[in-house]
1. State which residue pairs qualify: first residue over 23 Å from Gly187 (Cβ atoms) and inside region 257-273, second residue of a type in the set (D, E, K, R) in any location, beta carbons under 6 Å apart, and separation of 6 or more residues or different chains.
2. Just name the residue that is nearest to Ser89 (Cα to Cα) out of those in region 128-165 that are of a type in the set (Val, Ile, Thr) and surrounded by fewer than 23 Cβ atoms within 10 Å (Cβ to Cβ).
3. Among the residues of region 255-296, which ones are assigned to a helix (DSSP H, G or I) and among the hydroxyl-bearing types (Ser, Thr, Tyr)?
4. Val196 passes all but one of (1) surrounded by 22 or more Cβ atoms within 10 Å (Cβ to Cβ); (2) over 30 Å from Val104 (Cα atoms); (3) modelled with pLDDT under 95; which number fails?
5. How about region 114-152: which of its residues are in contact with a strand residue (DSSP E or B) (Cβ under 7 Å, 6 or more places away or on another chain), of a type in the set (A, V, I, L, M) and either more than 18 Å from Ala44 (Cα to Cα) or modelled with pLDDT under 95 (or both)?
6. Out of curiosity, is Gly280 crowded, with 23+ Cβ neighbours inside 10 Å and within 21 Å of the chain's Cα centre (by Cα)?
7. Keeping to region 97-123, report how many residues are part of a loop (DSSP other than H, G, I, E, B) and either polar (S, T, N, Q) or closer than 22 Å to Gly280 by Cα (or both).
8. Name every residue in region 188-247 that is of a type in the set (Asp, Glu), out of contact with any Ser or Thr (no Cβ under 7 Å at 6 or more places or on another chain), closer than 27 Å to Trp59 by Cβ and assigned to a helix (DSSP H, G or I), in order of residue number.
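The values are calculated or read from the model by the stated rules, or taken from the named source; none is laboratory data. All figures in this text were calculated on a predicted structure; none of them were measured in a lab. Methodologically, a virtual Cβ is constructed for each residue, glycine included, from the backbone with ideal geometry; neighbour enumeration extends over all protein chains shown.
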Amino acid sequence: MKWTAGLVIVAALGFSALTGCSGGPAGQGGGESAPAPPPAAKAATFAVITHAGSGDAFWDVVKNGAEAAAKRYGVTVNYQGDGDPARQSQLIDQAVSQKVDGVVVSMANPDALKEAVGKAVAAGIPVITINSGGDRSREFGAITHIGQSEDVAGRGAGEKLKAEGVTKLLCVIHEAGNVGLDQRCKGATDGLGGTVERLQVDVGNLADATSKIKARLQSDTSVNGVLTLNPAVAVAARDAIADGGSKARLATFDLSADVVAAVRDGEILFAVDQQQYLQGWLPITFLTLYRDNLNTVGGGLPVNTGPGFVTKDNAAQVAELAQSGTR
């Protein structure tokens with residue numbers, strides 16, 4: 001969670017301080033001349049390749065984090081996203097051919113990316129996985145994974161919905177084949193202990209998503225809870241519930257300015273927060289430390305950025321940060 005970011009920043013600053021302070025004041029040391037400074041290192045270039053679909057604001061926050069870290073450490077970040085696993089694999093291959101100094105990749109479909117990630121590792125390029133695919137990260141040779149346990153997050157969401165009286169839940173999946181979304185719904189099923197049905201929608205067509213959610217709620221009035229797994233789909237679900245006159249309670253995964261406002265106003269019960277800004281900032285920090293000092297973080301275990309929960313009690317505090325693009 002947040003302590004991880006602070007810990008890493010302190011470590012990074014401490015390393016910079018150590019390398020920038022060599023010896024005592026000038027004139028000390030019995031007249032010996034100061035050693036020549038080491039040659040300047042080539043500026044690093046890191047590729048960040050995600051499964052971001054067109055218009056998905058969630059990934060804009062990840063990009064903001066990566067670019068802010070790049071500015072902080074004086075490195076270059078090339079950010080690209082594509083929801084097609086085949087195209088994402090091609091982007092990884094291109095980064096390898098360009099001999100980048102590190103690759104950051106989200107693995108919504110790990111099997112489709114295995115060969116491309118393997119090529120990067122075989123080329124001696126350090127790889128960090130983020131967001132999705134944490135269960136396969138170590139197997140693929142990544143030095144660490146940064147994200148949240150989707151099972152744990154889903155279970156927590158299910159437990160909170162159960163406490164709100166939800167007994168029959170609609171879990172709305174917005175990306176076909178994304179293993180992390182399946183894990184969220186499974187976790188919610190375990191936490192709720194009631195009935196959970198799944199509905200597939202397309203995050204690239206929110207009007208259609210609204211229509212599908214509305215139709216499902218009207219056809220089965222026993223559904224009294226909706227869990228979306230994306231902030232844009234959460235807004236679509238909010239509109240579907242209102243337009244259809246449903247009494248279903250709504251919760252979501254992930255934040256946007258609109259979602260935080262809806263939580264604050266009582267339209268959404270809560271949002272599961274995986275702090276995606278850190279999923280951009282931390283891998284650039286970790287790759288910089290690895291390149292400069294061969295540091296690794298996590299000891300072979302994932303570095304968790306979530307889950308946290310944004311509720312009506314803390315939404316006002318988060319709202320301004322969401323507007324600035326860091327939450």
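1. As it stands, the answer is Glu267/Arg238, since those pairs meet every condition given.
2. Ile143
3. Tyr277, Thr285, Thr288, Tyr290 - these are the residues of region 255-296 that are assigned to a helix (DSSP H, G or I) and among the hydroxyl-bearing types (Ser, Thr, Tyr).
4. Status for Val196: all satisfied but (3).
5. Those that are in contact with a strand residue (DSSP E or B) (Cβ under 7 Å, 6 or more places away or on another chain), of a type in the set (A, V, I, L, M) and either more than 18 Å from Ala44 (Cα to Cα) or modelled with pLDDT under 95 (or both): Val117, Ile130, Ala142, Ile146.
6. Answer is yes for this residue.
7. 7
8. Step one: list which residues in region 188-247 are of a type in the set (Asp, Glu), which gives 190, 197, 202, 208, 220, 239, 243.
If we keep only those that are out of contact with any Ser or Thr (no Cβ under 7 Å at 6 or more places or on another chain) as well, we get 190, 197, 202, 208, 220, 243.
Narrowing further to those that are closer than 27 Å to Trp59 by Cβ: 202, 208.
Across region 188-247, the qualifying residue is only Asp208.
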